[in-house]
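Undergrad: I'd like to ask you about the structure that follows.
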Amino acid sequence: MTLFGQHIPVLWQTATLLAMSNVFMTFAWYAHLKHLNDKPWWIAALISWGIALLEYLLQVPANRIGNTELSLAQLKILQEVITLAVFVPFVIFYMNQPLKLDYLWAALCILGAVYFVFRT
């Protein structure tokens, strides 16, 4: 893929699409806890399903693009890193919950996984 005449590496294409899809996924999974608590669960499920469709429209091409150069394990670990990178700001800024030191420890564990999966 090229943007403004420049080739975009597969890893960056994949990570960008996965990051965008993860924003939708995070909202689909958790935003109903803030906004739809007074509604029946099935309404929250249907709204979440609609948001999740947007996630899949980005996630499927991301994984197909990534699979051209990355292993499945690398794709999975990349997804986990992005999930944490999206989830922490979501929890703090959108859900108004405090930052916890445990997020740092979780991030360090995932960084260890990144090292082992991506080392050559």
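Undergrad: State which residue is nearest to Asn63 (Cα to Cα) when the search covers only the range 2-50 and only residues that are crowded, with 17+ Cβ neighbours inside 10 Å and polar (S, T, N, Q).
TA: Here the answer is Thr14.
Undergrad: Assuming Leu70 fulfils every condition listed in (1) crowded, with 16+ Cβ neighbours inside 10 Å; (2) within 16 Å of the chain's Cα centre (by Cα) apart from one, which condition is it?
TA: (2)
Undergrad: Hey, another quick one. Does Ala44 satisfy the condition of being among the small types (Gly, Ala, Ser) and in contact with a His (Cβ under 6 Å, 6 or more places away or on another chain)?
TA: The answer is yes for Ala44.
Undergrad: For the subset of the range 89-119 comprising residues that are modelled with pLDDT of 90 or more and touching a helix residue (DSSP H, G or I) at 6+ places or on another chain (Cβ under 7 Å), which member is surrounded by the most Cβ atoms within 10 Å (Cβ to Cβ)?
TA: Per the stated criteria, the residue is Phe90.
The values are calculated or read from the model by the stated rules, or taken from the named source; none is laboratory data. Predicted, not measured: the structure shown is a model, and the values here were computed from it. With ideal geometry, Cβ positions are generated from the backbone for all residues, glycine too; neighbour counts draw on all protein chains shown.
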